[in-house]
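This report concerns only the one structure given below.
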Amino acid sequence: MTGSTTRLPVVVGVERTAAGGLAVSWAADQAYRRGLPLRLVHALDWPAGAPRPGDGTQGDVPQSAVAPRHRESALAHATSWPSRVHPVSVPVPVSPAHGWGERFREAAQVALDEAQALAADLHPGLETAAELVDGTPVEVLRAAGRGASMVVLGSRRRSAIAEMLTTGSIAVPVAAHADCPVAVVRELGHDRAATPTVVVGVDGSEHSQAALEWAFEEAARRGAVLAAVRVVRPISPYTAVPAAMTGRAELAEALAGWKARYPDVTVRTEVAFGHPVRVLADAAAQALCLVVGSRGLGGFKGMLLGSVGNGVLHHAHCPVVVVPTTAGEAGRGADTGAGAGAEAER
C-alpha cells in the first residue's frame, strides 16, 4: 500500500456474502470521504490439521482428512457472493491438478479481488490494498485494527442468543477488543432520507464522550443532523419527572463542548424512557449510522463490550459504530487527509 503512513487506512473484512458486500461498499465510502486508503483483508481460516500450500504438501488434503462442513465452507467462497451485490463473477479453477488447499486459497483470492473491484467501481481513484492473511477472522481483524482509523465488517442478522452460540460470529469479539472504532454493517445507512441524521447514544460516561467525538466529526463531514439520545430508566412513576430533568441537564453538559467545537452541526436532543437498546434502535431507524461507546456507566466490571453496544449490534437497522475511549488519537491522526471526497458526495 502506498501513501503517507500518517493516513491510517479504513480496514474492511472481506467475506463472499451479501453482508460482506455491504461492508465493502460502506467502508469504501468512508475511506473516500475521509481521504484515506482502503485496506481489504480476507482471513484464511484453515481447518485444523489441514496442510497448506507451500508447507511441503502442496495443499493436497485427503478428502477423508477434512470434515465435509469445512470442504463445503471453503469451496462455497467460489459461488456464494450474490450477483446483486457485485455483478462480476470470476470463475475459480477447480481442476484435479490443484490440491484442496490451493483451491481454498484461490477461492479466497477471488473474493478479495471482487471486493477490491467493487470498491474501485464505487469510487474510481480510491487508494486500495488487498491481502490474504492466515488466521481466524477475529485474530486477523484485531491485528489489522491496531494500525487502522476504523475497522468495518459485515454481519448477518441473528438474535443475540444465536450470535453467542455461533462460532462464526466475529462482530462482538472484534468490537470488544479494538483500539479504533468498529463499524458493523448489516444494512446500509439511510443517506437518502429527507434529513440525513447521525444518531449517538449519550450516558455521560467517558466512552460516550469518545462516541460523541466520532459522531460530531461524521455529522460535520456528511452535512448531517446529529441526534443525541439520552435514555433514562426511572425507578418508579414518581421519579420520572426528576429523572427526565436530570437526563436533560446531563445531556446538555455532555454536548456543550462539542457544540462549541462544531458550530455548523445542527444538534437535536432527545431524552427518552425505556430500554436503551430499543430506544436507540428506534431512534436510528432512518439514520446514516448509530454511534455508541464500547461501554457505558451501567456496564459490569470485566465486560468487554457493554450491554447496550452488544444489543444494538443485533437490533439496529443501520450501520452501528462502536467507539472505544482509545479511538481519539487514532481518529485524529486518520483525518489528516480528510476531505478528499467529502464535499463531492455530501
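The values are calculated or read from the model by the stated rules, or taken from the named source; none is laboratory data. Keep in mind that what you see is a predicted model, and the values were worked out from it rather than measured. Don't worry about glycine lacking a Cβ; one is built from the backbone with ideal geometry, like all the others, and counts go over all protein chains shown.
In table form, for the structure just shown:
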{"quantity": "Meets criteria (modelled with pLDDT of 95 or more and of a type in the set (A, V, I, L, M, F, W, C)) for ALA228", "calculated": "yes"}
{"quantity": "Single residue of region 258-271 satisfying the filter (without any contact (Cβ under 8 Å) to a residue 24 or more places away in the chain and surrounded by fewer than 13 Cβ atoms within 10 Å (Cβ to Cβ)) that is nearest to VAL225 (Cα to Cα)", "calculated": "PRO263"}
{"quantity": "Checking GLU15 against (1) modelled with pLDDT of 95 or more; (2) buried (at least 22 other Cβ atoms within 10 Å of the Cβ), the condition it does not meet", "calculated": "(1)"}
{"quantity": "Lone qualifier among PRO51, PRO47, PRO37, PRO9 - being surrounded by fewer than 23 Cβ atoms within 10 Å (Cβ to Cβ) and modelled with pLDDT of 95 or more", "calculated": "PRO37"}
{"quantity": "The one condition in (1) among the small types (Gly, Ala, Ser); (2) loosely packed, with under 13 Cβ neighbours inside 10 Å; (3) farther than 25 Å from LEU313 by Cα that GLY274 fails to fulfil", "calculated": "(3)"}
{"quantity": "Single residue of region 287-327 satisfying the filter (modelled with pLDDT under 75 and touching a helix residue (DSSP H, G or I) at 6+ places or on another chain (Cβ under 6 Å)) that is farthest from ALA224 (Cα to Cα)", "calculated": "LEU304"}
{"quantity": "Selection count where residues are in a loop (DSSP other than H, G, I, E, B) and either touching a helix residue (DSSP H, G or I) at 6+ places or on another chain (Cβ under 9 Å) or among the hydroxyl-bearing types (Ser, Thr, Tyr) (or both), scope region 247-271", "calculated": "4"}
